[in-house]
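Peer 1: Handing you this structure, nothing more for now.
The values are calculated or read from the model by the stated rules, or taken from the named source; none is laboratory data. Since this is a predicted model, take the numbers as computed values, not measurements. Here Cβ is always computed from backbone atoms with ideal geometry, including for glycine, and neighbour counts include all displayed protein chains. The accessibility values were calculated without ligands, DNA or RNA, using every heavy atom of the protein model including side chains. Shrake-Rupley method; radii C 1.70, N 1.55, O 1.52, S 1.80 Å.
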Amino acid sequence: MRHRPLAVAGLCSSALLSGLVVAGPATASSPGAVSIDQSYWVPVDKQLVVRGHGFGHGHGMSQYGAEGAARQGLDYSQILAFYYPGTTPAQVHGRVRVLITEDTTSDLVVAPTDGLTLRDRGDGQTYRLPDIPGLRRWRLRVAPDHHTVVRYKTRHWHAWATPDGKKELVGDGEFSADGPLTLFTPSGRHDYRGVLRSASPRRGSAKRDTVNVLSMDEYVKGVVPAEMPASWEPAAVRAQAVAARTYGAWSRAQHPHRYYQICDTSSCQVYRGVDGEDPRSNDAVDATSGEILTYDGKAAFAQFSSSDGGWTSAGSVPYLPAKADPYDDYAGNPVHDWSRTVDANRLEDAYPSIGRLRRIEVVERDGNGDWEGRVEHAVLDGTRADATVTGDTLRWVLGLRSDWFTIDPTPIMARWHKIGGDTSKLGRVTSREYGVRHGSSQKFAHGRIYYSRRTGAHELYGAVLDAYRAAGGPKSRLRLPVTRVQKRRPGVRAKFQGGVVYASPATGAQVLIGKVGRRYRQLRGVFGYLGWPTRGNYETATGERADFQHGSMTWSARTGHVTVHPRPH
């Protein structure tokens, strides 16, 4: 099995595939979409822990699912019937025109080979190219007047005229041979079956693109092993061959007159020519020769993706329904479940108008599976403005494997949910998470939660919170809380890294810190003979003092000792 992810066919935007975020109106919701309210607050460090299912758009066939189904004994026809219900097998004929994006120049350069032939597409004339001593390459290039000229290379490039005296071709030129052609590109040499054409995107253009024209089966032989490991179960590879051939036939039908009908990247489906072929996948192509799936007599839009995560996603046609997939979750599928940490700054960079991102509010999902399914629409809640985006946009901006995902709550929000959320003592959320010394905090209607990796997340409210903030909060000697507010009848307390805050109806809230606080706790605190503190640490001429219901304590700055002064009964 290859280590790279399986490619995804039938995506809508090559801009998205390149990582470019395209702003625009939200797309329509899928059938069965449900409105929800799921808020994912952004932590101070902007690191979001995302968990999800599947890899790709989830329409049509799951490639890992096809392998899982084959391992359960399904043949390729049964696999296709499951993923494309309502389609009918048929045969396809003819050739397809494939744009070779690997060749980024306007020149078409090939190696000499047996039976190499040049055809002028302007007048239809065909020329068998000669065997010249020292010959290394043939080239079609664009002349200054935008016509095509022919050159050959020995040690240097030379002009070549046709036997009938033409120094320029009437139209575009193309090469063919008795076997595969070797194409030279900026990235190296590659072999292709069929014809290699120097094609004008439009009449009179100075630009030329390289287009490979070949039979549908020859084309699919260069597709299948680029889309699925040829080592997989034969039934799965055959299903992939039919799906790839069907997708090619569908794309051809969409562009009957364009100079190319399909491309060679994952914007269409990956095609690598002879270089990418494998005998095992070639066998699968031969075993299903010419077979495609049709719907209403036309080639089906046979989308497929790496993994649907256990539930296919509804596509734009009836034969791409949303349905549970029992085959996708097998031991060999590494992307059925996944998790990753992503940086929320990506969203702020993509949508600068929102200011700082406070939270991601998922407002609509497709209603299928965990978390109510794939994200349809979400709102980016910013400090300056909001932005509504699709789940697919979130996927591409954050670099996720699919739009079926959830975001783990921050430690602060996890604590808030655990104690009851809106119904807890803290009430509703009233602020974004913000930074404090050595940690972070978030405000609620009736309190706050403080967090650091070292101390965990702990809620404060009431008199304890008031006393903590009055003392200086995280900047004070108390630093961060290490416990929640705890009951100690008839009052409460909360422990901090540097001390404790005690509060009772009779004594109010008092702060004990340093050695005084530690000594008090050694004496069993409020359950000891000193009772509740009535006045927390305060400075004296010789150090610090704290008063209690039944005595006091003093700390000497000179000796560092704490002395307990019980009040006589």
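Peer 1: When you look at A322, is it surrounded by 20 or more Cβ atoms within 10 Å (Cβ to Cβ), at pLDDT 95 or above, among the small types (G, A, S) and under 27 Å from G94 (Cα atoms), yes or no? Give the derivation first.
Peer 2: Details: surrounded by 20 or more Cβ atoms within 10 Å (Cβ to Cβ): yes; at pLDDT 95 or above: yes; among the small types (G, A, S): yes; under 27 Å from G94 (Cα atoms): no.
No; evaluated as a whole, the condition is false for this residue.
Peer 1: Tell me, which strands (runs of 3 or more DSSP E) lie completely within the range 393-491 with 2 or more residues that are at pLDDT 95 or above and closer than 21 Å to L48 by Cβ? Don't jump to the end; show me each part of the working.
Peer 2: Working: elements: 405-407, 434-436, 439-444, 447-452, 456-461, 486-488.
Those strands (runs of 3 or more DSSP E) span 405-407, 434-436, 439-444, 447-452, 456-461.
Peer 1: Tell me whether the range 121-136 contains one or more residues that are open to solvent by 80 Å² or more (accessible area, probe 1.4 Å), without any contact (Cβ under 8 Å) to a residue 24 or more places away in the chain and under 21 Å from D191 (Cα atoms).
Peer 2: Yes; the residues of the range 121-136 include at least one that is open to solvent by 80 Å² or more (accessible area, probe 1.4 Å), without any contact (Cβ under 8 Å) to a residue 24 or more places away in the chain and under 21 Å from D191 (Cα atoms).
Peer 1: Within the bounds of the range 250-257, is there any residue that is closer than 23 Å to R197 by Cα, open to solvent by 10 Å² or more (accessible area, probe 1.4 Å) and touching a helix residue (DSSP H, G or I) at 6+ places or on another chain (Cβ under 9 Å)?
Peer 2: yes
Peer 1: Taking the range 190-228 only, how many residues are open to solvent by less than 10 Å² (accessible area, probe 1.4 Å), closer than 30 Å to A66 by Cα and not hydroxyl-bearing (S, T, Y)?
Peer 2: 11
Peer 1: Can you tell which of V220, V270 is of a type in the set (A, V, I, L, M), closer than 25 Å to L183 by Cβ and assigned to a helix (DSSP H, G or I)?
Peer 2: Working: V270 fails: assigned to a helix (DSSP H, G or I).
Just a single option satisfies the conditions, and that option is V220.
Peer 1: With S29, S14, S35, S77 as the choices, which residue is farther than 23 Å from G367 by Cβ, at pLDDT below 95 and polar (S, T, N, Q)? First the steps, then the outcome.
Peer 2: On the way: S29 fails: farther than 23 Å from G367 by Cβ; S35 fails: farther than 23 Å from G367 by Cβ; S77 fails: at pLDDT below 95.
Answer to the check: S14.
Peer 1: Look through the range 398-435, keep the residues that are out of contact with any strand residue (DSSP E or B) (no Cβ under 6 Å at 6 or more places or on another chain) and without any contact (Cβ under 8 Å) to a residue 40 or more places away in the chain, and return whichever of them is surrounded by the most Cβ atoms within 10 Å (Cβ to Cβ).
Peer 2: S424
Peer 1: Given the options S187, S231, name the one that is open to solvent by 50 Å² or more (accessible area, probe 1.4 Å), within 17 Å of D286 (Cα to Cα) and in contact (Cβ under 8 Å) with a residue 24 or more places away in the chain.
Peer 2: On the way: S187 fails: within 17 Å of D286 (Cα to Cα).
The unique qualifying residue is S231.
Yes/no matrix, rows are residues, columns are (1) farther than 30 Å from P321 by Cβ; (2) open to solvent by 10 Å² or more (accessible area, probe 1.4 Å):
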| site | (1), (2) |
| --- | --- |
| A344 | yes, no |
| E348 | yes, yes |
| R359 | yes, yes |
| N368 | no, yes |
| E372 | no, yes |
| R384 | yes, yes |
| D392 | no, yes |
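Peer 1: While we're on this one: Test A509 against the stated conditions and say whether it is open to solvent by less than 10 Å² (accessible area, probe 1.4 Å), in contact with a helix residue (DSSP H, G or I) (Cβ under 7 Å, 6 or more places away or on another chain) and not hydroxyl-bearing (S, T, Y).
Peer 2: Details: open to solvent by less than 10 Å² (accessible area, probe 1.4 Å): no; in contact with a helix residue (DSSP H, G or I) (Cβ under 7 Å, 6 or more places away or on another chain): yes; not hydroxyl-bearing (S, T, Y): yes.
The answer is no for A509.
Peer 1: Tell me, yes or no, whether the range 146-160 has at least one residue that is under 47 Å from the mean Cα position of the chain (by Cα), touching a residue at least 12 places away in the same chain (Cβ under 8 Å) and at positive phi.
Peer 2: Yes, that holds for at least one residue.
Peer 1: Given the criterion under 28 Å from V436 (Cα atoms), open to solvent by 30 Å² or more (accessible area, probe 1.4 Å) and touching a Gly at 6+ places or on another chain (Cβ under 6 Å), identify the matching residue among R484, R493, R479. So that I can check it myself, show each step before the final result.
Peer 2: Values: R484 fails: touching a Gly at 6+ places or on another chain (Cβ under 6 Å); R493 fails: touching a Gly at 6+ places or on another chain (Cβ under 6 Å).
Step by step, each of R484, R493, R479 is checked, and only R479 is under 28 Å from V436 (Cα atoms), open to solvent by 30 Å² or more (accessible area, probe 1.4 Å) and touching a Gly at 6+ places or on another chain (Cβ under 6 Å).
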